Amino acid sequence: SPRMSVRTANSPDGSRIAFASERDADFGLWVMSADGTDQRRITTGTARKPSWSPDGTRIAYSSLSPGSGYDIWVTTADGTSAQRLTTAPGDETSPAWASAGQIAYAVAGTIHALSPDGSNDVVLVQADAEGSARVAAGHAQRQAQRRELDHRPADEGNDDAHAQAPMHVQPRHRR
């Protein structure tokens with residue numbers, strides 16, 4: 001049967017593509033030139049959902065860790081140095097680099113962010129009804145502020161047109 005490739009990610013400069021493929025019997029991460037040449041596997045074991053760092057030197061991804069489920073890992077773009085960032089029980093998936101260098105990821109419907117070295121893991125959005133209500137209320141408040149500011153005369157200023165309600169951030173307790 002044909003092997004499948006999924007979830008591609010273009011490098012920030014557009015010269016390379018990272019992708020997950022099961023061409024070696026399990027899903028691994030591969031990198032190739034944008035023209036399709038120079039294809040090489042950069043991970044061992046099951047790995048998925050690549051995301052390039054803003055500077056194009058590293059790739060965050062989810063990898064299946066025995067006894068732990070999926071964890072977030074970071075490797076150099078050539079695959080020579082990989083580091084496991086999360087170890088909590090449950091599946092930590094869908095890593096995405098922020099322009100400031102943090103890595104956001106999902107676990108059980110909750111959104112977390114952490115530093116590329118695995119430190120400073122914080123909860124950005126709770127999965128429970130209270131957290132969802134807090135995010136929705138913050139969004140509604142920001143929308144109301146923008147509408148109000150958009151109707152102000154120019155001499156009153158719109159410097160705070162993008163003011164945001166404070167986001168509730170909780171440290172994540174690691175095992």
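The values are calculated or read from the model by the stated rules, or taken from the named source; none is laboratory data. Predicted, not measured: the structure shown is a model, and the values here were computed from it. Glycine gets a Cβ as well: all are built from the backbone with ideal geometry, and neighbour counts include every protein chain shown. Heavy atoms of the whole protein, side chains included, go into the accessibility calculation; ligands, DNA and RNA do not. Shrake-Rupley method; radii C 1.70, N 1.55, O 1.52, S 1.80 Å.
Computed from backbone phi, the HN-Hα couplings of segment 112-125 come to 10, 9, 8, 6, x, 9, x, 8, 6, 6, 10, 8, 8, 9 Hz, rounded to whole numbers (Karplus: 6.51 cos²θ - 1.76 cosθ + 1.60, θ = phi - 60°; Gly and Pro given as x). In this structure segment 1-119 gives 46 Å² per residue of accessible area when probed at 1.4 Å with all protein chains present. Rounded to 0.05, the FRET efficiency of the Thr44 and Val6 pair, given R0 = 25 Å and the Cβ-Cβ distance, is 0.85. Annotation: extensible slack from Ser65 through Ser81 equals 4.1 nm (criterion: 0.36 nm per residue apart, minus Cα-Cα distance). Here the spin labels are modelled as points 7 Å beyond Cα on the Cα-Cβ line, and at Asp24 and Gln102 they lie 3.4 nm apart.
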